[in-house]
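Every number here is computed from the coordinates shown, using simple stated rules; none is lab data. This is a predicted model, so every value here is computed, not measured. In this analysis, Cβ positions are derived from the backbone assuming ideal geometry, glycine residues included, and neighbour counts consider all displayed protein chains.
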Amino acid sequence: MRATNIMSCCKTYDPCLDGKLNQIGSYASVARQSAQSATASATSAAASAAAAAASAEAARFYLGSFAVAPTTDNEGGALEEGMIYYNTVSNGLFVWNGSVWASADFNEFTNFTATGTTTARNLVTRFSEIIQRKDFDTDQNYLIASSQLSTNGFWMDESPEPRHWRFADRVFIGKAASETTGNKLPSSPATGTFLTTQMGAFWMERGATTLSVAPYGEFGGVFATRTSDKSLSGYYGTASIGVVGVVENDDSSANQTIGWAGYFEANRTTNNKVIYGLEVSVKNKGSNVTPSPYNRNGWGSIGIWFPAGGDASYNGVNMNPCSSAMMIGKGDDQGNPLLPMTWNRGIIINSDSITGTDGVSGTGIAIDMAKGHVIQWSTASGQGGGSIYSNVNNHIEKQGIIFENKQIRFTGSTGGINAIIGDNTGSDNNIRIFAEQTGTSPTIQANGIDSDIDLKLSPKGAGKVQFGTRIANADTPITGYIEIKDASGNTRKLALIS
């Protein structure tokens, strides 16, 4: 119906206008639905066309089933990379790689050549090559042979070939893997493990080839060995070593001037706790062996051994003596000398740690040195200052010093007392003993706070003080006297005759 007719009708009766308008709205809605349906049909047609094209492409690349590998596609054209056919003889899919038909099937028995290898093997074979604990008990190919020293081989030349696992990448274990991201380690204490975020030691993460951080606060790494395990035939070696650390400081350009074969750091950040930078625990389940400076006795149990020069059988020999077996130092205060980067004690030997004494009674040798070994105190210039050493070369003529309460005892070869030096009622007044040069007598001198101090020589019981040698002489006039005091403190006069 045209709009003019609608308007004509509505001139005489107004309600018809409402009905006609409703009809117009209904026609418009139908028109919109028709348009939407046409659009959807067009989209569906396009999708169908794309699917058909993809299907045709897939049909072109899948050639079908053949007993013999095809040399052309299904239309006689040249083969293209990615084309596939099913071989009805071997019951497997093959894909054209541009030059040959290669098997497209892959399972645990599929042989493949891994990167960096030349022999094709399947997963079953490869996983069977992972070294198990039993391999070290039964497979002699994992044992080092003494004959290999001449050929510099890692293992015995036997079949099957032993497996070597080589990692060119860095290896992160535990929290070292979960708390580091990306291929770069942090250069500031913002991210990373607690080594960086808590300790600020980002260089540990940055420089580690293998980084292991315990996820539950237990052991970051454990290395163990057992001497009885090397009894297997064919093994070469005389030592079992749990951990080996090696550094070779061979950079003559001075780019890196310091090297550590081992480094340990412990941080105490809370009170009522204790930390140890290193603990060396030794158990002796054998006989009781006591070494000495002249007999190390290789069958003993030694906590720490410092062999200067190492083993001369490899890596050459020392050109000069090594500097120091042990050095106790101050930490790096970064230019602030007020920081307490010191030890409260240098060396402590616990009271009950030495055989023979519990720190209350008895004696035990805590430090044992050889004849001529010197304990020295140096001056600021690095030159020798004070020193103590022993020159005794016969044990039956030994000498000793014992510190007692208020006394120092000097003992002789039988253990008896040679002399005692101490304070009686105090030390305000004391003596000095001086040596003198040639032509001058040595001096024993009273010294102290008082202005006048006697020098007392006190015999025991009825003993007497002895002076020099008596020389007989004819009667001679007394020319003077020397005052002395007797044991009771009374002043006496010794007459002089010349």
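Take the Cα of ALA380, step 7 Å toward its Cβ, do the same at ARG121, and the gap between the two points is 7.0 nm. Counting neighbouring Cβ atoms within 10 Å and putting the fewest first, the residues TRP377, TRP203 line up as TRP377, TRP203. Working from label points 7 Å from Cα in the Cα-to-Cβ sense, the ALA370 to ALA208 distance is 4.2 nm.
Full extension of the segment from ARG60 to ILE408, taken as 0.36 nm per residue of separation minus the current Cα-Cα distance, would add 114.5 nm. Anisotropy class assigned to the range 456-498 is oblate, per the alpha carbon gyration tensor with a/c at or over the 1.5 cut-off and a/b no larger than b/c. With 0.36 nm allotted per residue and the present C-alpha distance subtracted, the LEU457-ARG226 stretch has 76.3 nm of extension available. Spin-label pair SER498-ASN429: with each label point 7 Å from Cα along the Cα-Cβ axis, the two points sit 3.5 nm from one another. Checking the cross-link pairs LYS460/LYS485; LYS406/LYS464; LYS175/LYS330 against a 21 Å limit on the alpha carbon distance flags LYS406/LYS464; LYS175/LYS330 as lying beyond it.
Rounded, prolate or oblate: which one fits the range 274-336, using the alpha carbon gyration tensor with axes a ≥ b ≥ c (rounded when a/c is under 1.5, else prolate when a/b beats b/c, else oblate)? Cα axes put the range 274-336 in the oblate bin.
Between PHE306 and GLN198, the FRET efficiency estimated from the beta carbon spacing at R0 = 35 angstrom works out to 0.60. When the P(r) of the range 392-446 is calculated, the portion above 14 Å amounts to 67% of the C-alpha pairs. Figure legend: label point modelled 7 angstrom from the Cα of ILE354 along Cα→Cβ; residues of the range 372-415 with amide N under 13 Å from it are 401-403.
Kindly flag which residue pairs out of LYS283/LYS398; LYS230/LYS285; LYS371/LYS456 have an alpha-carbon separation exceeding 28 Å in this structure. Checking Cα-Cα distances, LYS283/LYS398; LYS371/LYS456 exceed 28 Å.
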